[in-house]
Amino acid sequence: MLPFSSFEFFIIMALFVMIPAILKNFMKPEHYKYVLAFLNFAFLTIWFPQPWHFFALVVYSYFLIWLLSDKLNVQNRIYGVLLLLLPMLLVKFDIRGGDMNKWLPFAGLSYASFRFMGYYMDKAPEEKIVNVASYFNFLSFTPTMLIGPIDRMNRFKASEDNGFAAITTDNFIAGWNAFVKGLAFKYVCAELIDRYWLNIFPEESTELLHMANTMYAYYFYLFFDFAGYSFMALGIGKMMGIIVPVNFTNPFFARNPPDFWKRFHISLGDWLKDYFFTPLYLFMSRKKSMKKYPVTRQNIALFLTFLLMGCWNGFRGNFVISGAVLGLYSVVYNTYAIQCKKKGRDVVFGNMNPKVVTVISIFMLFNLIAFALYIFSGKLHI
Amino acid sequence: MNNSLLTRLVLHTVLYTVIALSLYLLYSPLNDHPKNKAGSSTQFVYQQF
């Protein structure tokens, strides 16, 4: 059983909420991580498909981080990153064969890879690797292991250390409200859109009206479906004493691409910014030939970041092109923002009323994002 | 109970009732939509995501 795929999962999550709340009265605060590890281990071994694959990934990544960082103190992290991402890269590039097909891919591989790579990059050389129970919990926390958000070790560890103390009535109520919000988003709103709106016209139709209908319906469907999962994970986590980061905040009201990525799949946007965009930009800044062109550097790094995001979903035309289109939006906006700053005025809207500019910006971005996600969906047939 | 608490109580009651009713209507065996593969109102999440 995969998380959120059956009614039994919610019964199990009710137990996951109840057990730490009861044990809180008998156990020391520092034992919370062992309770959590026991629960995550139980879910994986009893219900999760291919649990040993996931355990093998945990052992592989933990050993590599310990070896490269603690034992050998390797300064250049690129080798470590490549080795850590090797299982995911084999899947993404489809370099598998023979017995390897039995091992790859498996559920949870992508998000776990994002998490341990982030930990490896953030870990200071003198800092000892975390306790194995905490590391296991970080990768396998049941509500978030499959659909995110992509958490960071420092944040998760702080939340885990405070686990028993965070099981309070206030957190329970806040968690329950987030859970119900997610339930309504995913199982009511997304389901209604899927049944009664998304497929009212044939997907293959090239009539403009039909295509526009599918485009807008898919954007709303994707948001309610994905945000629904994220809110349920956040809610269950909070009721268990683990504070999961917010992943969606009203993306339909975003005014520009940077603002959109602060509202839509926030944890992925932040991850890509910290571990791809910034290192790439700094790498290019050190190149003599690029030193004179800071805007070009920014734009290349931005475009490649979104292209990578598209490719991460798979090397299919719709994913790669949608990534490129989203990259193009960011490049155009970045150039526009820099020009406005340079000239001290809005180079497109001039002296127009700021409220009108905001409304136009929201409307434009809403349509542009809906178009990019329409390409992403693979439903656009030209 | 002050007014704002009372308003919240009423709003939450309405909201929770709407969600519960929607779930029942969407996933009940009475709903014969082809995408309703659940077969039972208590098994609504059986559908693959």
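Rundown of residues vs (1) assigned to a helix (DSSP H, G or I); (2) outside the structural domain of A:Y120 (by TED's automatic domain parsing); (3) free of Cβ contacts under 8 Å to residues at least 12 places away in the same chain; (4) buried (at least 16 other Cβ atoms within 10 Å of the Cβ), yes/no style:
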residue	(1), (2), (3), (4)
A:D274	yes, yes, no, no
A:F277	yes, yes, no, yes
A:F283	yes, yes, yes, no
A:T296	yes, yes, yes, no
A:A301	yes, yes, no, yes
A:M309	yes, yes, no, yes
A:G314	no, yes, no, no
A:Y333	yes, yes, no, yes
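Among the residues that make up the range A:319-326, is at least one of them among the polar types (S, T, N, Q) and over 28 Å from the mean Cα position of the chain (by Cα)? No, every residue in the range A:319-326 fails to be among the polar types (S, T, N, Q) and over 28 Å from the mean Cα position of the chain (by Cα). Only one entry in A:K92, A:K71 is modelled with pLDDT under 90, more than 30 Å from A:M309 (Cα to Cα) and more than 14 Å from every other protein chain (Cβ to nearest Cβ), namely A:K71. In the range A:118-156, the qualifying residues are those that are charged (D, E, K, R) and closer than 22 Å to A:L272 by Cβ, and the one that is surrounded by the most Cβ atoms within 10 Å (Cβ to Cβ) is A:D151.
One line per residue, one yes/no per condition, for (1) of a type outside the set (F, W, Y); (2) within 20 Å of A:N131 (Cα to Cα); (3) within 14 Å of chain B (Cβ to nearest Cβ):
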residue	(1), (2), (3)
A:F9	no, no, yes
A:M18	yes, no, no
A:M27	yes, yes, no
A:Y34	no, yes, no
A:L39	yes, yes, no
A:F48	no, no, no
A:H53	yes, no, no
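Could you tell me how many of the residues in the range A:144-192 are among the hydroxyl-bearing types (S, T, Y) and either within 14 Å of another protein chain (Cβ to nearest Cβ) or in a helix (DSSP H, G or I) (or both)? Result for the range A:144-192: 3. Close Cβ contacts (under 7 Å, 6 or more residues apart or on different chains) running from residues in the range A:1-29 that are within 15 Å of A:A166 (Cβ to Cβ) to residues that are at pLDDT 90 or above and not in a helix (DSSP H, G or I) comprise A:F16/A:T142; A:P20/A:I167; A:P20/A:G241; A:A21/A:I167; A:K24/A:I167.
Could you give me the residue pairs with C-beta distances under 7 Å whose first residue belongs to the range A:344-373 and is touching a residue at least 40 places away in the same chain (Cβ under 8 Å), whose second residue is exposed (fewer than 15 other Cβ atoms within 10 Å of the Cβ) wherever it lies, and which are 6+ apart or on separate chains? Taking only residues 6 or more apart or on different chains, the pairs are A:I362/A:F253.
The values are calculated or read from the model by the stated rules, or taken from the named source; none is laboratory data. All values reported here derive from a predicted model rather than from experimental measurement. Because the Cβ atoms are built from the backbone with ideal geometry, glycine has one as well, and the counts that use them run over all protein chains shown.
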